[in-house]
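Nothing in this text is a laboratory measurement; each read-out follows from the coordinates by a stated rule. What you are looking at is a predicted structure, and each value in this text was computed from that prediction instead of being measured. Here Cβ is always computed from backbone atoms with ideal geometry, including for glycine, and neighbour counts include all displayed protein chains.
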Amino acid sequence: MSVNIKRIHHVAYRCKDAKETVEFYQRVMGMDFKLAIAENEVPSTKAPDPYMHVFLDAGMGNVLAFFELPNSPEMGRDGNTPEWVQHIAFEVEDMDALLASKAHIEAEGLDVLGPVNHGIFKSIYFFDPNGHRLELAANTGTDAQMAELKRVARPMIEEWSQTKRAPKHAAWLHEQD
């Protein structure tokens, strides 16, 4: 028997300030604040370490959660991984919604990069108050493009595994406007 996953229950990240984080995601991202769990000890290890765990509705049953850990060293990031790699990507309805979101986020005083064309979707990028990179993406790919990407996925990963160079199977993605 294999694992039979229903969906992602929640994805959790660390935050500097739980209240500030909740207010940012409500105001900027339009997320509903679902619930908070706070303990003075870690349930799994029983370590005495107070925390606030907040849960936000990211749409369609997806939940984004954060931990504030006041007794831990200041939050950092993986200095060996480029800033653009680790991010949270959210889907918006279409290009109109992406452009309207960009205007809204810029009106909040945030710097926004993009839209960036990824061939099958276009994205904008910005940072939350904790330094987490966020992406909003609007799908632009066709069913035929998605089918072709699925068809070449296995040969691409196999070639990458051997060469550590970008295979050319889907080079057409970045050859479009």
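Between the range 132-173 and the range 1-62, what is the separation of their alpha carbon centroids in Å? So the separation of the two Cα centres works out to 30 Å.
Dimensions of the range 11-68 along the principal axes, based on C-alpha atoms and rounded to the nearest Å, stand at 34, 22, 15, largest first.
Need one word for the chain: rounded, prolate or oblate. Basis is the Cα gyration tensor (sqrt eigenvalues a ≥ b ≥ c); a/c below 1.5 gives rounded, then a/b vs b/c decides. Note, shape of the chain comes out prolate.
Between amide H atoms placed 1.01 Å from N, distances below 5 Å from H118 occur with S123, all of them 5 or more places distant or on a separate chain. Summing Lys and Arg as +1 and Asp and Glu as -1 over all other residues whose Cβ lies under 13 Å from the Cβ of Y125 gives a net charge of -2. With the simple model of a label 7 Å out from the Cα in the direction of the Cβ, E108 to W172 spans 3.7 nm. Tell me what the chain gives for mean residue ellipticity at 222 nm when only DSSP H runs of n ≥ 4 count, each as -39,500 (n - 2.57), the sum divided by the residue total, rounded to 500 deg cm²/dmol. Computed mean residue ellipticity for the chain: -8000 deg cm²/dmol. Taking amide H as placed 1.01 Å from N in the peptide plane, K34 has its amide H under 5 Å from the amide H of F55, L56, D57, each at least 5 places away in sequence or on another chain. Which of rounded, prolate, oblate describes the range 48-90, given a ≥ b ≥ c as roots of the alpha-carbon gyration tensor eigenvalues and a/c under 1.5 marking rounded, otherwise prolate only if a/b is larger than b/c? Verdict is oblate for the range 48-90. Helix 95-107 axis versus longest C-alpha principal axis of the chain: approximately 40°, rounded to the nearest ten.
Excluding same-chain neighbours fewer than eight residues apart, the lysines reachable from K164 by a Cα-Cα span under 25 Å are K150.
Relative to the longest principal axis of the Cα atoms of the chain, the long axis of helix 18-27 lies at roughly 50 degrees.
Would you mind classifying the range 87-139 by shape? Square roots of the alpha carbon gyration tensor eigenvalues, ordered a ≥ b ≥ c; an a/c under 1.5 is rounded, otherwise it is prolate if a/b is larger than b/c and oblate if not. It comes out oblate by the Cα gyration axes. Here the residues D128, D94, ranked from fewest to most Cβ neighbours within 10 Å of their Cβ, fall in the order D94, D128.
Loop-located GluC sites (Glu not before Pro) across the range 90-159 with a Cβ neighbour count of 13 or fewer within 10 Å are E93, E108, with loop assigned by DSSP.
Using the alpha-carbon atoms, what tilt in degrees (0 to 90, nearest 10) does helix 143-163 show relative to the longest principal axis of the chain? Once rounded, the angle reads 80 degrees.
Loop-located trypsin sites (Lys or Arg not before Pro) across the range 1-110 with a Cβ neighbour count of 14 or fewer within 10 Å are K6, R7, K46, R77, with loop assigned by DSSP.
Please sort by residue number the chymotrypsin sites (Phe, Trp or Tyr not before Pro) in the range 40-111 whose DSSP state is loop and whose Cβ has at most 11 other Cβ atoms within 10 Å.
In loop regions of the range 40-111 (DSSP not H, G, I, E or B), the sparsely surrounded chymotrypsin sites (Phe, Trp or Tyr not before Pro) are W84.
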